[in-house]
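A short write-up of the structure that comes next.
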Amino acid sequence: MNTVDEILDYAIDQEQQAADFYASFAARAEKAGMKKMLLEFAQATKKVCLQ
C-alpha cells in the first residue's frame, strides 16, 4: 500500500468485512437483544463505508 487510494480501499474493505461479520453473527443470535445489537453494529459499520 503506497497510495492514499490503496489505503482507503483497504480500510473500506476491512470495514465491509466487519459489517459482514456482525451481520452473520446476528443471523445466528438466539437472544433478541444480542441480534439487535449486532445488527446495529453492522449498520453503523456500513455507514462508515458509505461516507
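Which one, Met1, Gln16, Ala26, projects farthest toward the positive side of the charge dipole computed for the chain from Cβ point charges (K/R +1, D/E -1)?
Among Met1, Gln16, Ala26, the one farthest towards the positive end of the dipole of the chain is Ala26.
Run the reach check for Lys46 against aspartates and glutamates, Cα to Cα strictly under 15 Å, same-chain hits fewer than 8 apart removed. What comes back?
Asp9, Asp13, Glu15, Asp20
Quick one: angle between helix 4-28 and the longest Cα principal axis of the chain, in degrees between 0 and 90, rounded to 10, please.
10 degrees
In deg cm²/dmol and to the nearest 500, what is the mean residue ellipticity at 222 nm of the chain if only DSSP H runs of at least 4 residues count, each as -39500 (n - 2.57), divided by the residue total? Working shown, then result.
Details: 2 runs with 44 residues, N = 51.
For the chain, the value works out to -30000 deg cm²/dmol.
On a full-extension model of 0.36 nm per residue, what is the gain between Gln43 and Ala27, subtracting their alpha-carbon distance, rounded to one decimal in nm?
Extra length from Gln43 to Ala27 when fully extended: 4.4 nm.
Each value in this text was obtained by applying a stated rule to the coordinates, not by laboratory testing. Computed from a prediction, not measured in an experiment: that's the story for all the values here. All Cβ positions, even for glycine, are placed from backbone atoms using ideal geometry, and neighbour counts span all protein chains on display.
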